[in-house]
1. D1033 passes all but one of (1) surrounded by fewer than 19 Cβ atoms within 10 Å (Cβ to Cβ); (2) in contact with a Gly (Cβ under 7 Å, 6 or more places away or on another chain); (3) more than 21 Å from I982 (Cβ to Cβ); which number fails?
2. Conditions: (1) within 26 Å of the chain's Cα centre (by Cα); (2) closer than 26 Å to I215 by Cβ. P343 meets all but one. Number of the miss?
3. Of all residues in segment 1112-1134 being out of contact with any helix residue (DSSP H, G or I) (no Cβ under 7 Å at 6 or more places or on another chain) and modelled with pLDDT of 90 or more, which is nearest to Y1003 (Cα to Cα)?
4. Testing V614 on (1) in a helix (DSSP H, G or I); (2) touching a Gly at 6+ places or on another chain (Cβ under 6 Å); (3) of a type in the set (A, V, I, L, M, F, W, C), one condition comes back false. Which one is that?
5. Here are I1086, I1162, I1125, I1099: which of them is touching a residue at least 24 places away in the same chain (Cβ under 8 Å) and in contact with a Phe, Trp or Tyr (Cβ under 7 Å, 6 or more places away or on another chain)?
6. Quick one: which of I189, I165 is buried (at least 21 other Cβ atoms within 10 Å of the Cβ) and assigned by TED's automatic domain parsing to the domain that holds G292?
7. Give the residues of segment 639-655 that are within 23 Å of L741 (Cα to Cα) and not hydroxyl-bearing (S, T, Y), sorted by residue number.
Amino acid sequence: MCGIVGLLNASSTQTDAKNLRSAAIEAATQIHKSTPETGTETLSAQLAPIAAWTDPLPGFHTTFRLGTDSAFAKDLDEVIHALEHLSSVVAEGQEQANGFRALEQWNELGVTCQDLHWRLKNDIQEGFNTLKAFFSTPWKDSQRDILRAYWDIEYILRNLQRLEIRGRDSGGISVLVRFPSVETYDSYISNISQSDHAPEWTQRTSIEGLLSGSICGPDTEQGNERSLSFVYKVASEIGSIGQNIREIRQKIQEDRILRLALEQPGIRINALSHTRWASNGIINIQNAHPQGDDNASMTAGKTRLFAVLNGDIDNYPELLAAYTRRTGEKLHQDVTTDAKIIPILIEERYRSVGDLREAFRQVLREFTGSFAIALHHLDHPDLCWLGIGGSGQSLYVGIHDHALYYASELYGVVEGTSKFVKLDGEKEREAGNPESRGQMLELSRQTIGSDTPFLAWGFDGTPLTEEHLPVKTAQITTRDINIAGFPHFFLKEISESIQSVRKTLHGRFFLQEDAQAPFTFNLDESAVPESIIQRLNEGKFRHIYCIGQGTAAVAAIGVAHSLRMYLGSSMDIRATKATELSGHMLNPSMEDVLVIAVSQSGTTTDTNRTVDLVRQREGKVLAILNRRNSDLAFKADGVIFTSDGRDVEMSVASTKAFYSQVTAGALLALYLAHSSGQVDSSTVLDALRELTALPEKMETVLAQRDRVEAVAKEYALKKRYWAVVGSGANQIAAHEIRIKLSELCYKSMSCDFIEDKKHIDLSAEPLMLISAAGLDEANLSDSVKEVAIFKAHSSIPIVITDRGADRFEPYASAVFAVPPVPSHLSPVLVTIIGHLFGYYAARAIDDQSMMLRRVRSTLLSDLPALETHPENLLSPHSPSELRNRLLGMQQFLLSPASNSALEVDTAVRTAMLGQRLLHSLHEDMTLDIEDRESPFEVAQRLLQSLTQAIQELSRPIDAIKHQAKTVTVGISRPSPTLKGAIGDLFRNMQIDTTTILWRNLTYLIAAEPLLKEVRGATLYRVEGLDSEGQPTDQSRIYKETATGIAANLPSRTEKDHTLKGSKWLALRNNSLLISIGRQDGRHIAILPLRSSGTQEARILLMHLTYDEASTLQARLNLLRTRGPIYDQFRASVTETNRMWTDDLLLQAPVECLFDDTPERFIEALNNTDS
């Protein structure tokens, strides 16, 4: 769990796009006059010029313009004020929206407005203000180079801080300064040598090891240019978000030698940075990244190559041993991380092959593991290289006309640009060839802004193209990743959940208490198509499956619960994992199935693949999701967006999405039941009132945060084993709480029904969270009895209930009361308590690691003294900080609290070593001489044990332990493969088989063995379909492409775009039609292809030649695949007084077997007889 950030800024300057600027100002003037009556269409059009002007603005060029051009700064303010006015207009428009689609348009406009405002106000203006604090305005053109350099550094530090949620026990940056000429460099060196900085220069260039403050390069061989690298590092056992960055920033700002370098005219910098969460190697400055190519015999002045690593090089020990054997050189004793081998091996190979790019590629091929690497070199100050291999790592390159940004997370580049490519280290470029895995990129200052802003290769040396690295547009901005002063994103997102639920409900229905119709729903065809309501009314749905994965799957249980409550038991309504549905519950036809897919991102592979397979079998799909324009949004027949349709969660452990999904599911269930007449109006009205009151009740639950924290700290450390129980709707909350406790606290725990727990594993005496809200009197009384049993068996019961709290108190260690709500909404309130408990429990466990980190930090600092004068530190007669910390550690390790999360062997080993170190001044004379250890040797072993203990106790909250090794592999659930001539055609025309309905696909597969060739094909696009994807009088057909003989055949559609004839029929019936062309007599197949949306389709027309030598088995398979056709053929033959045998199928032309009636087959047999 580490982070990489870097950038290359172009040498050129950017001129103001005056036409875009003037258009934006004009648009701002119009927006200032706007009201809700202006309408979303007009407002969106007015916003477009501002978006067009804003898009290229991020970057140094805009910051410099703000410091030199007051008119430009005034215009920017004007646009910002216009966006603030528009935000208030949007809020009014949302309140007044008439119709679901209108509300969605206001929501979408609001998101766009917020994004633009944030980018101008927070990204651009605040970035300018940061630089202005050190360089007073107005700026001069002569300051451009130094300002650009500090802007680059500030950009990197801001975004590195954003990545600190992925790890922050150490960090560093290499600022590579390129001097424009040898003369400029020599002048700089001369000035330093004659100044008061000369001693500091000598000291910093002579540092052994790449420590903070190192100045690298003056003692290396370089070409016509001259470059130096200034390295800054920090290592902190205990640090809050931002602390490391503040320290690095201060070091840079106070570095006068760097400042003198950056004051040279024409300089450019090339900077890369890293934040680390140690997976191996102790936490110290030597192990902080960047790492250099220096070994134990080198000083900073000779270091030339600087690299950072995310992940692990698994074969690091073997590579290091081979290097030592080869060269006789050793690493500095304080360097114990696998990252160190990277620059050393690359530099060694570079000296051998003479080409750094090739050296990097060759070394990448030797690495095994999961890794993402960035590096730069003094010989190539205008270049940097990226490499990625294995699973679980990521690297992004942001593309701007005047800069290239790179980072290990997308949110590390979006401040600079929305355009990016993502590297993939695991995907095989050539299927089945593992040697084609891995990607490397070369970024160059000279190619920024060109059509080819970077060069890319596979590890095998094959050049990569846009096909392998497509440019995408980010759907997030820095607005989505603002931690807003909270200690963790997880806590921030729980706090935001109330607003998320409000937004989910806002405008979806209206209550008019005094009106004749006391309520109206505001959901239209885009949310729930009328055709689905109609099928529900007609009883055509026999099954409703609510699906998802992870937390979304738990929310799907809540959706199913609401559906059963309102729709009754007339249908099979159930929740299941998406993978279970696609793996074990699919039927050839699913026309009687409605799937409700729940997803936060809309990109969950397992869920989306399942949706494809259901739609391929003609099932219907509704979706509850958070992300507009996501894949699932286009696959589903209707979508209810949670929150505002883009409510990003930064914490890996999702929270607010769950609350919103359960709420949206309750609303959907109520709407379906009302629309199909299965609930009366009074029930609907009461339910809508409960939904309206839900956010306020969530606030009262969240107000118990301090008490939850106190209870978590008191009890979380008392038990190693935990469990979560609940019955009825409480099982939904129990499942979700279990997931979060597991993700946050790294606890494997059970989730059971309340009444069943006593039959299973009470012997574990666990800490138990008991969800007991929304229970009737009988179930409540039973639950109280169960809790009494739990307590009697030495468990620690913590109860969450909405009534009868006093009845639980004699038996529960703590009771949390939540407001009463209907049972299907109780999981929302109960889960808030559970989420908060998980958060504070994780922090309590992590606090234990912090205590051990302090011990380790002190021990590291005192290690040299332990080797020379241990008595000064360990003697009880002269207590030291180290001795006091060791005594505190011993007290902790011997307490019950250490048993909650620390492995027993780790605790025992650490305690024994601590005890041995405390008493190491008094040698145990019973030990053999070879078994005796010095205090220094014991301390070294204790350091290793402490490192293990700290890893076991660390809880990063917003990330997941071992995330670098974790990869989400989506299900494939491959469709049957098309082979032969049709398979070749589909591959050549890049047609996805998931666009073919299942019955048509199985028909095609059966037809393949009877085809000799596909002589040609034409692909058509059909527009103007209705909401069900059916053709209408307005449907139009357009020829897209043609191959083979079809390329030279005239097409009626080139002149007349009316959809009609066989193509209309095939699309109308969604059926593969194989027949003879009416006009030209050619054998053809017409195949409808469905896209993700229902408003358009494609039609593939194929020209066929049949294989008259095809086997009897192939012919039989075709007829049997076509359902009753085989029996019709057989019956028709026997009616002509013939004896039926399957061999008769060989006596007729193949084309007859594709007919819907047997007449031509009988005629062919008659001709054979005569």
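The values are calculated or read from the model by the stated rules, or taken from the named source; none is laboratory data. Because the structure is predicted, anything quoted here is derived from the model rather than measured. Glycine also receives a Cβ, built like all others from the backbone with ideal geometry; neighbour counts cover every protein chain displayed.
1. Among (1) surrounded by fewer than 19 Cβ atoms within 10 Å (Cβ to Cβ); (2) in contact with a Gly (Cβ under 7 Å, 6 or more places away or on another chain); (3) more than 21 Å from I982 (Cβ to Cβ), D1033 violates only (2).
2. The failed condition is (1).
3. Ranking the qualifying residues of segment 1112-1134, first place goes to Q1113.
4. (2)
5. Values: I1086 fails: in contact with a Phe, Trp or Tyr (Cβ under 7 Å, 6 or more places away or on another chain); I1162 fails: in contact with a Phe, Trp or Tyr (Cβ under 7 Å, 6 or more places away or on another chain); I1125 fails: in contact with a Phe, Trp or Tyr (Cβ under 7 Å, 6 or more places away or on another chain).
Checking each option against the conditions leaves just I1099.
6. Numbers: I189 fails: buried (at least 21 other Cβ atoms within 10 Å of the Cβ).
Matching residue, one of I189, I165: I165.
7. So the first thing to find is which residues in segment 639-655 are within 23 Å of L741 (Cα to Cα), and the list is 647-655.
If the condition is that a residue be within 23 Å of L741 (Cα to Cα) and not hydroxyl-bearing (S, T, Y), then D647, V648, E649, M650, V652, A653 are the ones that fit.
Matching residues to (1) touching a strand residue (DSSP E or B) at 6+ places or on another chain (Cβ under 7 Å); (2) among the β-branched types (V, I, T):
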| site | (1), (2) |
| --- | --- |
| Y1020 | yes, no |
| G1029 | yes, no |
| T1032 | no, yes |
| S1035 | yes, no |
| A1042 | yes, no |
| A1047 | yes, no |
| K1060 | no, no |
| A1066 | yes, no |
